[in-house]
1. Within a 10 angstrom radius of each residue's Cβ in A:108-114, how many Cβ atoms of other chains show up on average? Whole number is fine.
2. For peptide A:213-219, compute the average count of partner chain beta-carbon atoms within 10 Å of each residue's beta-carbon.
3. Nearest 10 degrees, 0 to 90: what angle lies between the long axis of helix A:14-26 and the longest principal axis of chain A (Cα atoms)?
4. When the Karplus curve 6.51 cos²θ - 1.76 cosθ + 1.60 is applied with θ = phi - 60°, which whole-Hz ³J(HN,Hα) does each residue of segment A:165-180 get, with x for Gly and Pro?
5. Could you tell me the relative contact order of segment B:130-225? Use alpha-carbon pairs under 8 Å, at least six residues apart, and round to a whole percent.
Number of protein chains: 2
Amino acid sequence: MEDGIEIIAIEDDQDILNLLEYHLQKEGYAFTGFLSTKNVEQFLEEESPALMIVDRNLPGLEGSEFVSQMRQKGYTIPVIFLTARDKEKDLVEGFECGGDDYVTKPFSNKELMVRVKALLARSGVGMVQKIRFRDIKLDLAKREAWVDKEPIDLTNLEFKLLQTFVSKPNVALERDFLRDEVWKDESIDFHDKTINVAISRLKKKIDPDGTKNYFLPVWGVGYKMI
Amino acid sequence: MEDGIEIIAIEDDQDILNLLEYHLQKEGYAFTGFLSTKNVEQFLEEESPALMIVDRNLPGLEGSEFVSQMRQKGYTIPVIFLTARDKEKDLVEGFECGGDDYVTKPFSNKELMVRVKALLARSGVGMVQKIRFRDIKLDLAKREAWVDKEPIDLTNLEFKLLQTFVSKPNVALERDFLRDEVWKDESIDFHDKTINVAISRLKKKIDPDGTKNYFLPVWGVGYKMI
DNA sequence: CAAAGACGGAAACAATTTGGCAACAACTGC
DNA sequence: GCAGTTGTTGCCAAATTGTTTCCGTCTTTG
């Protein structure tokens with residue numbers, strides 16, 4: 001299912017490691033388990049998994065300490081800490097040292113899976129990114145757009161433009177901002193009318209009758225999607 | 001501490017609401033509680049809090065359903081769901097419908113605070129720009145203005161002008177300052193009366209009856225908003 | 001205190017800026 | 001070279017902004 005997404009776990013309890021392996025593999029993730037932090041760094045150098053599950057209470061080097069070290073060395077891999085339910089002080093430190101979420105032991109399969117998926121989504125992995133506003137829906141991964149459940153064929157520019165607006169609904173976007181955001185660099189001799197025309201074309205595609213008034217011109221500033 | 005960050009909660013259990021209020025206010029957040037989803041949308045239109053805590057099991061409209069509706073309408077406010085520990089199916093839906101985190105009841109103060117802070121950090125709080133003075137409110141992002149809760153249609157120049165005054169209430173702003181601040185460059189042959197006329201037009205828009213006397217002319221100097 | 005001059009208020013008019021849109025041109029990838 | 005996409009230009013309409021004028025009010029000063 002989640003094509004080739006790799007998750008590793010560091011946990012000194014072999015039973016829990018097996019449990020993690022079972023559930024995560026069932027969900028389609030590639031899984032590698034470690035009983036200690038040893039060899040993990042070497043593994044990270046070679047494999048770059050998408051997520052790391054770390055027990056707070058490891059023998060020898062503490063889990064949070066290990067993550068701190070990895071962060072220092074520049075690894076930004078998202079981390080879910082496993083922590084005993086009664087150790088709430090750990091929890092705070094877990095967030096503070098750069099960990100991204102935590103799960104208390106004993107954990108349920110479902111809770112873990114939800115947090116794994118949420119964290120992966122947050123870090124932009126295997127995203128099924130969909131954004132919507134009013135009756136407009138955009139699938140960023142597939143680059144498809146729907147208006148009122150009808151698929152709309154948009155060009156690349158139109159899609160970027162619409163995405164920019166749907167990401168910031170009800171906000172007046174200045175022409176300079178749009179130029180930076182949609183047209184990126186191309187600095188010199190950028191004609192003002194370029195934006196007007198692009199908006200005009202987009203309007204005609206997503207609202208041929210002109211009855212829905214998605215775009216409101218903000219005079220002297222830019223446009224606002226309403 | 002967290003200066004003026006506003007958090008609202010929707011929870012039908014008054015005791016829990018009080019608990020939330022106590023803890024969140026102790027941490028320095030401005031808090032508003034709701035016993036149902038009624039009135040919440042109206043509140044959101046006016047206040048735009050930084051975070052919303054929503055019980056999944058509300059009487060009438062379900063919490064997740066409500067959040068879905070708000071998202072459809074373009075509200076991107078981060079949400080923490082409160083959910084009973086045994087209802088894990090809810091939990092999954094919570095993430096799916098756009099919620100950003102969840103906390104299981106009964107929750108500990110610390111867990112809640114950690115998640116609140118993490119979510120606020122993740123959503124980059126402090127970007128919503130709203131300024132107000134007397135019964136005037138300006139939303140800089142939306143470029144909308146309200147007087148006495150009534151939306152007022154302002155031109156770009158008028159908006160910049162009003163923003164300048166609302167940012168410095170009770171201060172006499174010199175004409176030179178206004179020229180620099182509102183009219184930027186355009187140095188040469190700037191007629192004095194230009195400012196007069198601009199102020200005059202602005203006055204007529206935000207106070208048609210002329211009863212509120214927002215602007216006090218400071219003879220030979222400029223204007224003061226009072 | 002009164003008159004003159006300076007300044008602000010309001011309305012009308014003029015100039016400028018801006019957006020919509022259509023048509024044409026340039027570009028791109030195949 | 002063709003079809004699709006994107007940028008440019010020009011015309012029109014509308015909104016905004018600047019200028020002028022006249023008048024009333026305030027300040028100053030003799």
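1. Numbers: counts 4, 1, 4, 6, 0, 3, 8.
For peptide A:108-114, the averaged partner shielding equals 4.
2. So the per-residue partner count for this stretch is 2.
3. 30
4. Values per residue, Gly and Pro as x: 6, 5, 6, 10, x, 6, 10, 6, 9, 6, 4, 4, 4, 5, 4, 5 Hz.
5. Details: 103 pairs, mean separation 25.4, N = 96.
Computed over segment B:130-225, the figure is 26 percent.
Read the figures in this text as sums done on the coordinates, not as results from a lab. What you are looking at is a predicted structure, and each value in this text was computed from that prediction instead of being measured. So basically every Cβ, Gly included, is an ideal-geometry build from the backbone, and we count neighbours across all protein chains shown.
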